[in-house]
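Notes follow once the structure below has been shown.
Nothing in this text is a laboratory measurement; each read-out follows from the coordinates by a stated rule. What you see is a predicted model, and the numbers here were worked out from it, not measured in a lab. Cβ placement follows ideal geometry from the backbone for every residue including glycine, while neighbour counts extend to all protein chains displayed.
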Amino acid sequence: MSVTSLDSLRTARAFAWPPAWFWLAAAAAMMVVLLTPKLLFDSDTFWQIRVGEWILANRAVPYVDIYSLTKAGQPWMSSSWLSQVLFAAAYAVAGWSGVILLCALALSLAVTVLTRVLGQRLPPTYACFVATMAFTLSSFHFFARPHVLAMPVMVAWGAGLIAAADRAERPSWRLLPLLVLWTNLHGSFVFGVMLVGPIALDALWHAPSERRRQLFAQWAVFGLCCLAACCVTPYGWNSLLAAHRILDLGELLRVISEWRPVDVSVFVMFEGALLALIGAALYFGVRLPPTRILLALGLLHMALAHMRNIEVFVLLLPIVALTPVADQFGLALRPEARSSRFGLLPATAVAAIALCLFATVRDIRVPEEENYASAVAALREHNARRVFNDYGFGGYMIWVGMKPLIDGRAELYGERFALDHWNALLLKDPDAFFRIVETYDLDAAVFYAGTPLGLLMEHVEGWKKVFSNDLAVVYVRTGPVTGRIRAKAT
């Protein structure tokens, strides 16, 4: 080949279009911006930012509660402290636009990592399709909260472990800093540690019999190092205990919406995708090794048991099934056909995309923030200091400097207290409301419009409705706690 031909080839490569993962990351970032109102719909975002601001101001992490009316001074650790700091910094720099752009960066980075991993074994079209489906099915749980920032780390961690199992080798030590990052971002790092065991079993399954003893020892050492990595936080080994408290909330997990089981009585997009996946697997005769089947079924069980784990299932299942499916159907790319561009640092491109979107998200407002503010103004107008609040109001009350009865930190309040509060709201145990009022000497109450207890309060002696709007209704206490219901006027 002549020198001229070589120069032409280099020039063509230099001006080649960016790879598929770049464009998919761009589309994901734009989709996140389009979902802006939904991203800020969860009121927990308010207290997450406030905690981050406290950490930045005090250059320390909290060990006790400083926000609530009922648990002030009680032990509490923020297992998502680094995410809270990042959200607080983003808010300080660019307001709600900064928060949205941080989420856009994290989510598009998760899609980028997934697409790159799939693209190492599949043609770009297939890789992009699978990654797009995973992103779409996860979108119901896209909120400006720490779990979003942990998504790209989870995908990279799972891909690293599976890659080691495919090679029948020990995972790279470079994964440990990734686990340290995950541990400081979100409490779901416990799941990452739990993945080591079943994936190690898969690695042993693929390894020659003469290497299994040695490989078992290597994975065992790696697992111990993972436990040590989880202690590299301001809380040390207590980070593991903090995550365990969340998972140990028992019956309470069934009433918190994102922890509820999937309701198959109502057809949803996840059910449709799952049925399509099962149908395709049966039709095409997909075969997986027993260890990968166990992994897939474990991920599916998690998704069906708790709705928030749907994203774990749809993001990690393609990685688990990638190598067996690609080999079975002859989809695997030859090494020389794999794009070297996949070695580029994806964060650079994704960050550029997010920054370019800044101009489109400058004027962002939190949904219902004005209605929240009006309800809080009514409470302050009547000098309410000790308020029985609906669960979702807790985050905004912390945001404006009021102490809530309860907020989104379920692990702080515990199963018994939170269930009493929930049963009172739904009138499953109406007496629970009066017990709570008497115990904490409450002088006001704020409910979402339509909450059963809020509707009943209009007929309860000793309470007066002083405010209502499309979002909330506010009552103030005017007499002793009697629990008596006023007769309806004829």
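Observations, loosely collected:
- Taking amide hydrogens as placed 1.01 Å from N in the peptide plane, the amide H of VAL460 sits under 5 Å from those of ARG486, each at least 5 positions away in sequence or on another chain.
- Within the range 369-477, DSSP assigns beta bridges of which about 75% are antiparallel (rounded to the nearest 5).
- Exposure proxy order (Cβ contacts within 10 Å, fewest to most) of ARG365, ARG308: ARG365, ARG308
- Estimated vicinal HN-Hα couplings, Hz - the range 418-435 in sequence order (Karplus 6.51, -1.76, 1.60; Gly, Pro = x): 5, 5, 4, 4, 5, 5, 5, 4, 8, 6, 6, 8, x, 5, 4, 4, 5, 5
- Extreme residue, positive dipole direction of the range 210-270, given options MET269, CYS230, PHE216 (C-beta unit charges): PHE216
- Binned Cα-Cα distances of the range 19-360, short to long, each 20 Å bin given as a whole percent: 29, 60, 11, 0
- In order along the range 252-264, the phi-based Karplus estimate (6.51 cos²θ - 1.76 cosθ + 1.60, θ = phi - 60°) of 3J(HN,Hα) comes to 4, 5, 7, 9, 7, 3, 6, 9, 6, x, 5, 8, 7 Hz; Gly and Pro are listed as x.
- Assuming charge only on the beta carbon of Lys and Arg (+1) and of Asp and Glu (-1), the dipole of the range 187-274 about its Cα centre is about 340 debye to the nearest 20.
- Amide H contacts under 5 Å for ASN389: LEU405, ILE406, VAL446, restricted to partners 5 or more places along the chain or on a different chain, H placed in the peptide plane at 1.01 Å from N.
- P(r), alpha carbons of the range 369-477 - 10 Å bins starting at zero, rounded %: 15, 53, 30, 2
- The phi torsions of the range 168-176, fed into the Karplus equation with coefficients 6.51, -1.76 and 1.60 and a -60° offset, translate into couplings of 6, 10, 6, x, 5, 5, 5, 6, 4 Hz, rounded to whole numbers, with Gly and Pro shown as x.
- For LYS71, LYS464, order by how many other beta-carbon atoms lie within 10 Å, fewest first: LYS464, LYS71
- Going from the residue with the fewest nearby Cβ atoms within 10 Å to the one with the most, ILE364, ILE310, ILE246 rank ILE246, ILE364, ILE310.
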